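This report concerns only the one structure given below.
The values are calculated or read from the model by the stated rules, or taken from the named source; none is laboratory data. Bear in mind the structure is a predicted one, so any value in this text is a computation, not a measurement. Cβ coordinates were reconstructed from backbone atoms using ideal geometry, including for glycine residues, and neighbour counts include every protein chain displayed. Surface areas here come from the heavy atoms of the whole protein model, side chains and all, with no ligands, DNA or RNA. Shrake-Rupley method; radii C 1.70, N 1.55, O 1.52, S 1.80 Å.
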Amino acid sequence: MRAPAAEAFRSAMARFPAGVVVVTTRGARGEPRGFTASSFCSVSLDPPLVLVCLANTADSYAAFADCGHFAVSMLGPEHRPLAQRFATKGADKFAPDGLSHTPSGLPVVAGALVELDCAVDARHPAGDHTILVGRVSGVRLGDGSPLVYYERNFRSLA
């Protein structure tokens, strides 16, 4: 069986709505690093595990390849500018507006629907991405509705 053309596969996946998260950590020298993802889901309740997929070409790849902990911020529609900023290569992702910190000092999106603290449980190579599995060690709940990614655009639920 022949694989579909890359653009056809990309178009097919764009038709699946997904929540939007910003994932953050600190690099070897303590510098904040992060990215926007729509490939995020829960894996297990016992123990509590989540996964997120990170492109191997991402600016923050090296930091996530070596980190021991990361944070996940689930976004609402008001966070669209931050989602775009964290999705843009070369952007100043950690400009002070819109961010706060977890109790352990990792940057997170201020006012996020949910903040998760995670310890790295596993990393799995997957084509041009790496699947990062995190064991959830802390949860903080906010309010609001989710930001979703559909047809290559950020959208709100009606």
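Details
- Considering residues of segment 1-31 that are part of a helix (DSSP H, G or I), open to solvent by 60 Å² or more (accessible area, probe 1.4 Å) and not hydrophobic (A, V, I, L, M, F, W, C) only, the residue nearest to VAL72 (Cα to Cα): ARG10
- Residues of segment 82-101 that turn out to be under 24 Å from VAL148 (Cβ atoms) and either not in a loop (DSSP other than H, G, I, E, B) or not aliphatic (A, V, I, L, M) (or both), as a count: 13
- For segment 6-29, the count of residues that are under 26 Å from LEU157 (Cβ atoms) and basic (Lys, Arg) is at least one.
- Selection count where residues are open to solvent by less than 20 Å² (accessible area, probe 1.4 Å) and assigned to a loop (DSSP other than H, G, I, E, B), scope segment 107-128: 1
- Test: LEU147 is touching a residue at least 12 places away in the same chain (Cβ under 8 Å) and open to solvent by less than 50 Å² (accessible area, probe 1.4 Å): yes
- Of all residues in segment 59-81, those satisfying the criterion of being part of a loop (DSSP other than H, G, I, E, B) and under 14 Å from SER38 (Cα atoms) are LEU75, GLY76.
- Selection count, segment 32-52, where residues are surrounded by 15 or more Cβ atoms within 10 Å (Cβ to Cβ) and either charged (D, E, K, R) or assigned to a strand (DSSP E or B) (or both): 12
- Within the span defined as segment 142-158, every residue fails to be modelled with pLDDT under 95 and farther than 19 Å from ARG80 by Cα.
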